[in-house]
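What follows is calculated from the coordinates using simple rules that are stated; it is not laboratory data. Predicted model, so just to flag it, every value in this text is computed and none were measured. In this analysis, Cβ positions are derived from the backbone assuming ideal geometry, glycine residues included, and neighbour counts consider all displayed protein chains.
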């Protein structure tokens, strides 16, 4: 049996990481149900051994590594080098599709359309590129991405560059496309 | 650590756009449901711990020893029935539902002396996902890492290398090499369990552990297998759900040694009839070529799989 303290601690941790873990898994697998199963299984496996590592320090990294392992076809890992091309959005401001509370209806419609375009553009990326770009967007370092995907840090950087480049080209018309360098 | 500390802000530009997309998706998630499910799983998995102190451990040990003594000398209760390997496989067969959509990852290792064309065609070493419902299945990615392929409810094999067109074959129309790949790469759990129960010796893979969530059974064919047949299998069955969590098949190949095919359960697919048909994997209005369009069908094979598929090995 879990103690009340354990339930509280683990429950809070699950609630804090689940939304983005599920968003990540859903972008990599075919159906939301399957993504749910994958994330639940990864959380269970990770937390049943929560005494063996520092959950607060390493939990997120280990969770995303487990999700990546289950979701990504390793054979699709790419090794080609590409040049860096990145874009900056028109207002040089982070998009926030989720918070639409202060938007007019026409702006909400625009955001939804943009969200759909970004989702479609992400779906076109090979799984490893998609995973690398998404992990980077979630704030992971190149080294953390490499560990999550089981590749070298150099390859992680290449995947991020290449994914960004493809997205920038795909979303050029939507974002108004002023390109700029972004560090990996 | 707060969620924002766990997930630092993204850099401006493409990263921010991707982050916004992920956050939008995340905002639609009901994390409380997931929390409740995982905590319930952990509760079910948790066993009494003795870590609260040596004293408690000693008391528990003493109590256990006393109860054993009482049991042995005074009560002699009937031994708790433990399932046999055959019962484990039978329970998996009984619980198997032909209408459930199960997805497994699948990896395959060929014998080292396998002919290169076979290895190329079978995509040896590549991890794939196979979703099954009864004897229907769908494999993704498909041949050469492109598209999908599978078998529909009528036993027809289809290949959809792109979203622009697909090809469909009755089983009798399949080129021999493709028929072999279907046999090796496909998964029919019900048929497999029937075969295992009928023609295999069953034993525990390791000493059975009462507290383990799964049972592991090794199945060894009685007598020598013919080419293409399964020589041995290792099944891991969930004790509660009777679901097959993983499966390793050692299948005898025509040219030397067994191929090893490993399946690991990853989850249930959303019920979707089109998952097992080519129409579900091409864009609306795009063609599925069958025996009535043999030239175009052959062209799809040639373009995507090469001469080795069409002409055999």
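Below are the figures for this structure:
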| quantity | calculated |
| --- | --- |
| Share of pairwise Cα separations in the stretch B:89-247, more than 23 Å, in percent | 44 percent |
| Burial ordering of A:140, B:128, A:128, A:1, fewest other beta-carbon atoms within 10 Å first | A:1, B:128, A:140, A:128 |
| Exposure proxy ranking, count of Cβ atoms within 10 Å, fewest first, for B:22, B:247 | B:247, B:22 |
| Ranked list, fewest to most other Cβ atoms within 10 Å of each Cβ, for B:14, B:244 | B:244, B:14 |
| Gyration tensor (alpha-carbon) shape descriptor, the stretch B:184-225, a/c threshold 1.5 | oblate |
| Full-extension gain in nm, residue B:213 to residue B:100, via 0.36 nm per residue minus C-alpha separation | 38.5 nm |
| Residue mean of other protein chain beta carbons inside 10 Å, A:43-51 | 3 |
